[in-house]
Amino acid sequence: MEKHWRSLLIVSILAFVADAAVNESTLRQHRYDYGLFNASMELTTEVMATDIPEKEGYTVQSRHEPHLIRSSVIFGLTKVANESNVSPSCHAHLKQVQRGILSKQPWAIKVLDASGTKPSGFVFGQNYWLGSREACRGVQGPVGITLSRNYERVMHYSILTQSAPFEMDYRVIYLRHRSPWQVEIKVMSEQVLHIGLCLPSACASEEVKQLARDYVAGGSFAEDDIFDMQPEVLYMKDLKLSERFYQRLTFRLVVATVLVTGALMLCAQQLRVAKRGDDPDPGLAPVESEIWQAMDSILKWQPLQNFVSCFDVAHNWRKISATRANQPGEIPIMNGLRSVCAIWILIFHVLWYMYFTVHHKTVLISYAEKVFFQYVSSAPLLVDVFFTISGFLQTYNFLRNAQQLEAVRRNGLWGNMKLFGKLLFHRYLRLGPLYLVVMGSVDLAFAYIGDVSVFHINERFDELCPQHWWRNLLFIQNLFDHREMCANWSWSLACDMQFFLLANIVLFIYARHPKVGKVLTISGLLATITWSYGIGITNKFEFSFDSTYATGTQIYTSPFVRVLPYIVGAIAAWCLQEQRFQMELSEQQTRWLWHFSLQVFLGCIYSTVKRDLGHLITISLFVLGRALFSLTVCWMIVGSASGSGVWWSRLLEAKCFQHLNRLSYAIYLLNPLVIALVYSLTSTSSAVDPFLLSVICCGFTLIVYLASIAFSLAFELPYSNLSSLLLRGKPKAA
């Protein structure tokens, strides 16, 4: 037995030695091949450097040159470069790139590979020839990957280790084409080619732009022949943040606002500690302890205490997260309607902003017109839910406030003007701070992505906001062209503020002269219907996406058109409060009405499934359909107020929606900013895939939800608390 084990051990040792010998032999062969390859590259480089075309290596490689000139933009630029149109260093480096590509030097092949060429799908909107930003970084130094030499690989190891002999960086040049062989959807700028180039750092952007102009003008752009592109060079990005970003007034204002808000939150925390009677943390440094003591002495002044307490994070968080049983007199379904519609519109924005980074825009639009995806593509209709609720609440709360009604009836003109101004001030105080901070963040975010994003940014809010900020400040931006708006999704907030003003005027008149108020309301309803018909027929309105975008100013963002659901909601509130049109319904009839209202609601959402109807039918569906849609929302609100409901309405009345409803304003303001920022900072274009889209929507929902909590705690709830404090006229409990 012992002999058997000894023999087995000897055989194992011999096998191990033999395997080691084979491995060593393999490694020697790899090192030999690797050295031979590098030696051949060095030899070829020397040959190319001496510009001796008779050498066999150069003749063999040069057969690729005609193809490279027409298929590769980066190679084409190296061919048109000469000492008269670029600097000497740029010219030398570009020629070295050219020689390196022809002689197949590893670093130059990586440059060629990292630069963009035409992908498939041009006909359906693939304008992103971005190459690879990461691959261009791999030209700068060895790629950080470890590969074992124990395995055979059909590759040149130098592609991992060899670096460019000079600095390279990734840039994107933008060309507008005029090809009739691409579907033109007419939604902002679509026909812009994005061409990523891995270029020598010695070449300035203006030099590269001039080279690109010479290249496309010389007819060497191969795709121009078959697709009739007729490209025109627009501009170029080096994808680096400029110094101007930090010099923007918005940057200073936003930073100052964040610092002041942070300081107020810190003071509120110190005030809470002082009221509890706790001693300062014994672990504080002497300087920190002195700061706490100084803050404590400053906060002795009662009015300042009341103001600072509004920024108490712990107290505000409890207000956001608190849920309780629904109380009598409340309308709990509103929480669910607002929350669901806010998330629903967020999902629509995920697809809307994907349009500007997606491979095939035509495919995305075709998905939006399919029956299954109508619930997403028709989501803008859900803005009418918010208008209906706003109109209902404005009227309902005004008519229920007996003390305020009596004051309006008793006051003279000046007294009512002061009361009107007070109501307007408190609404502005509740809505304005978060809105203004988001507007400043939009300006900064788009200035940032305008510098560093690989994508052509259609909506340059960093240029529009400095010009038109005063329109947003006055909530009148929707009265101007929708292409000139700063944070253009805020059009509905401007509409809501304008409707609030008009509604208060009519309600003040109604309090003193009920018949006049009723006449004004009915006249406004008929006027908006007539106006909508006239504008729709004049502009040949259709449900197609291009028509909707083209008529955005006249129809989509116009307060004269969008006031319809607000008036319907106001009338429903008046009927409920004045107990008009009371009907005795059986339980079965009530359930039937609930389910019928849901069917009508969904029917309105899916009414755009056919988008090529006649102009008169389309505008009739748009106007009357929205009126019917608002009536279904009113039925849900009135039914919930009366305590009736069915299983799905009970779901909308769930306590969890109380929390989401408190965040709905921040979600509405922030979701386009977050979505646009994330899409713009990606390195490649997006793909149209329904399953992937569902995952992306879930991710964006979570990100926006967390961002909304942070912004609400910092910039919404503190000022809502302050408004309540001023209305009460007494100290607020911390």
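Got at least one residue in the range 588-595 being open to solvent by less than 40 Å² (accessible area, probe 1.4 Å), more than 29 Å from residue 510 (Cβ to Cβ) and modelled with pLDDT under 90? Looking for residues that are open to solvent by less than 40 Å² (accessible area, probe 1.4 Å), more than 29 Å from residue 510 (Cβ to Cβ) and modelled with pLDDT under 90, one finds at least one in the range 588-595, hence yes. Going by the conditions given, is residue 541 more than 24 Å from residue 498 (Cα to Cα) and among the aromatic types (Phe, Trp, Tyr)? Considered against the rule, which asks whether it is more than 24 Å from residue 498 (Cα to Cα) and among the aromatic types (Phe, Trp, Tyr), residue 541 comes out as yes.
All conditions in (1) open to solvent by 60 Å² or more (accessible area, probe 1.4 Å); (2) acidic (Asp, Glu); (3) touching a Lys or Arg at 6+ places or on another chain (Cβ under 8 Å) hold for residue 190, with the sole exception of (1).
Here 309, 297 are screened, and the one residue that is at pLDDT 65 or above and farther than 23 Å from residue 719 by Cβ is 297.
Residues that are surrounded by 21 or more Cβ atoms within 10 Å (Cβ to Cβ) and of a type in the set (Gly, Ala, Ser) occur in the range 501-511; there is at least one. Looking at the structure I just gave you, is residue 233 modelled with pLDDT of 90 or more, under 30 Å from residue 436 (Cβ atoms) and under 33 Å from the mean Cα position of the chain (by Cα)? Taking the combined requirement at face value, the residue does not satisfy it.
Only residues that are of a type in the set (Lys, Arg) and at pLDDT below 90 were counted in the range 557-587, giving 1. Contact map, the range 641-660: residues that are over 21 Å from residue 329 (Cβ atoms) paired with residues that are open to solvent by less than 40 Å² (accessible area, probe 1.4 Å) and of a type in the set (Val, Ile, Thr), Cβ distance under 9 Å, separation 6+ or inter-chain. Pairs shown: 646/590; 660/667.
For the structure I just gave you, tell me whether residue 228 is open to solvent by 30 Å² or more (accessible area, probe 1.4 Å) and either of a type in the set (A, V, I, L, M, F, W, C) or touching a residue at least 60 places away in the same chain (Cβ under 8 Å) (or both).
Numbers: open to solvent by 30 Å² or more (accessible area, probe 1.4 Å): yes; either of a type in the set (A, V, I, L, M, F, W, C) or touching a residue at least 60 places away in the same chain (Cβ under 8 Å) (or both): no.
So residue 228 does not fit the description; no.
Just one of the numbered conditions (1) closer than 30 Å to residue 357 by Cα; (2) assigned to a loop (DSSP other than H, G, I, E, B); (3) out of contact with any strand residue (DSSP E or B) (no Cβ under 9 Å at 6 or more places or on another chain) is not true of residue 76: (2). Within the range 414-456, being small (Gly, Ala, Ser), within 16 Å of the chain's Cα centre (by Cα) and assigned to a helix (DSSP H, G or I) holds for 440, 441, 445, 447, 450. Among the residues of the range 365-415, write down those that are closer than 19 Å to residue 612 by Cβ and among the aliphatic types (A, V, I, L, M). 365, 368, 371, 381 - these are the residues of the range 365-415 that are closer than 19 Å to residue 612 by Cβ and among the aliphatic types (A, V, I, L, M).
So if I check each of 463, 459, which one is under 30 Å from residue 170 (Cα atoms) and not in a helix (DSSP H, G or I)? Spell out how you get there, then give the answer.
On the way: 463 fails: not in a helix (DSSP H, G or I).
Going through 463, 459 in turn, the sole match is 459.
The values are calculated or read from the model by the stated rules, or taken from the named source; none is laboratory data. In this text, all values refer to a predicted model and were calculated from it rather than measured experimentally. Reconstructed Cβ throughout: ideal geometry from the backbone, glycine too, with neighbour counts over all protein chains shown. Just so you know, the surface numbers come from the protein's heavy atoms only, side chains and all, with ligands and any DNA or RNA stripped out. Shrake-Rupley method; radii C 1.70, N 1.55, O 1.52, S 1.80 Å.
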